[in-house]
1. Output yes when any residue across the range 65-73 is farther than 25 Å from Ser145 by Cα, part of a loop (DSSP other than H, G, I, E, B), in contact (Cβ under 8 Å) with a residue 12 or more places away in the chain and open to solvent by 70 Å² or more (accessible area, probe 1.4 Å), and no when none is.
2. Please go through the range 164-194 and give me each residue that is of a type in the set (Val, Ile, Thr), under 10 Å from Val151 (Cβ atoms) and not in a strand (DSSP E or B), ordered by number.
3. Pick out the one residue from Leu138, Leu100 that is over 24 Å from Leu184 (Cβ atoms) and among the hydrophobic types (A, V, I, L, M, F, W, C).
4. Can you list residue pairs whose Cβ atoms sit under 9 Å apart, with the first residue in the range 146-159 being under 19 Å from Ile111 (Cβ atoms) and in a strand (DSSP E or B) and the second being among the aliphatic types (A, V, I, L, M) and open to solvent by 50 Å² or more (accessible area, probe 1.4 Å)? Count only pairs 6 or more apart in sequence or on different chains.
5. Name the residues in the range 123-145 that are assigned to a loop (DSSP other than H, G, I, E, B) and polar (S, T, N, Q), would you?
Amino acid sequence: MAANLKQRPQNFYTVEEYFALEKQGDKRYEYWDGEIFCMSGGSTQHAIISTNITVEIGIQIKGKKCRVFNSDQAIYTPALPPYRYPDASVACGKPNYLKLSGIDALTNPIIVIEVLSPWTQEADRSAKKDAYQALESLQEYLLVSQEEPHVTQFIRQDDHWLRKDFGDLTAIVELPSIGCQLALSDVYEGVEFN
């Protein structure tokens, strides 16, 4: 998952050790084949973008039978156990959970959104994408850049995924699974690019 794993000391942990760490504090961690990575403490841009997305979706789904979640909500990923912490997700109907060592992991997200970070983007584009897309409930997966205005959207089309890219602040991303849309100007409101 890291940019250069060869430069990092290799510590291997059991799932039980991971769960014990998860219960200790307010930080969120992800478990990757014996390694543990802290998912808390991103950049200000990351925080602004994630908040903008959850607020925009939350406003648009108000009154619908859907709920938007922030990065505190674990998503159960059997293809990449035990679970992941995306930056935003949406579940429609009754949210279903699997309790894993005291953590309520959502099992039926319809949308998962990851804001890309330099240290997570490789995993977000590969292993995490595959794990999320293996969920039967998932209809859309969005990757949102924090370096430039750009959103990559994957939409389930029967047995394959259609990819769409949006790279202009005037673009609007339609979210057909929840009947909403995300204007890139709203997603990136308050963000200054270098």
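1. Yes, that holds for at least one residue.
2. Val187
3. So the residue among Leu138, Leu100 that is over 24 Å from Leu184 (Cβ atoms) and among the hydrophobic types (A, V, I, L, M, F, W, C) is Leu100.
4. Close Cβ pairs satisfying both conditions: Gln153/Leu162; Phe154/Leu162; Ile155/Leu162; Arg156/Leu162.
5. Scanning the range 123-145 gives Ser126, Ser137, Gln139, Ser145.
Per-residue answers, yes or no, for (1) within 17 Å of the chain's Cα centre (by Cα); (2) open to solvent by less than 10 Å² (accessible area, probe 1.4 Å); (3) polar (S, T, N, Q):
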{"site": "Thr107", "(1), (2), (3)": "yes, no, yes"}
{"site": "Ile113", "(1), (2), (3)": "yes, yes, no"}
{"site": "Pro118", "(1), (2), (3)": "yes, no, no"}
{"site": "Arg125", "(1), (2), (3)": "yes, no, no"}
{"site": "Glu136", "(1), (2), (3)": "yes, no, no"}
{"site": "Glu140", "(1), (2), (3)": "yes, yes, no"}
{"site": "Thr152", "(1), (2), (3)": "yes, yes, yes"}
{"site": "Leu182", "(1), (2), (3)": "yes, yes, no"}
{"site": "Ser185", "(1), (2), (3)": "no, no, yes"}
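Here's the yes/no breakdown for (1) at pLDDT 95 or above; (2) of a type in the set (A, V, I, L, M):
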site: Pro86; (1), (2): no, no
site: Cys92; (1), (2): yes, no
site: Tyr97; (1), (2): yes, no
site: Leu116; (1), (2): no, yes
site: Trp119; (1), (2): no, no
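The values are calculated or read from the model by the stated rules, or taken from the named source; none is laboratory data. Keep in mind that this is a model prediction, so the values were computed, not measured. No Cβ is skipped: glycine too gets one built from the backbone with ideal geometry, and neighbour counts run over all protein chains shown. For accessibility, only protein heavy atoms count, side chains too; no ligands or nucleic acids. Shrake-Rupley method; radii C 1.70, N 1.55, O 1.52, S 1.80 Å.
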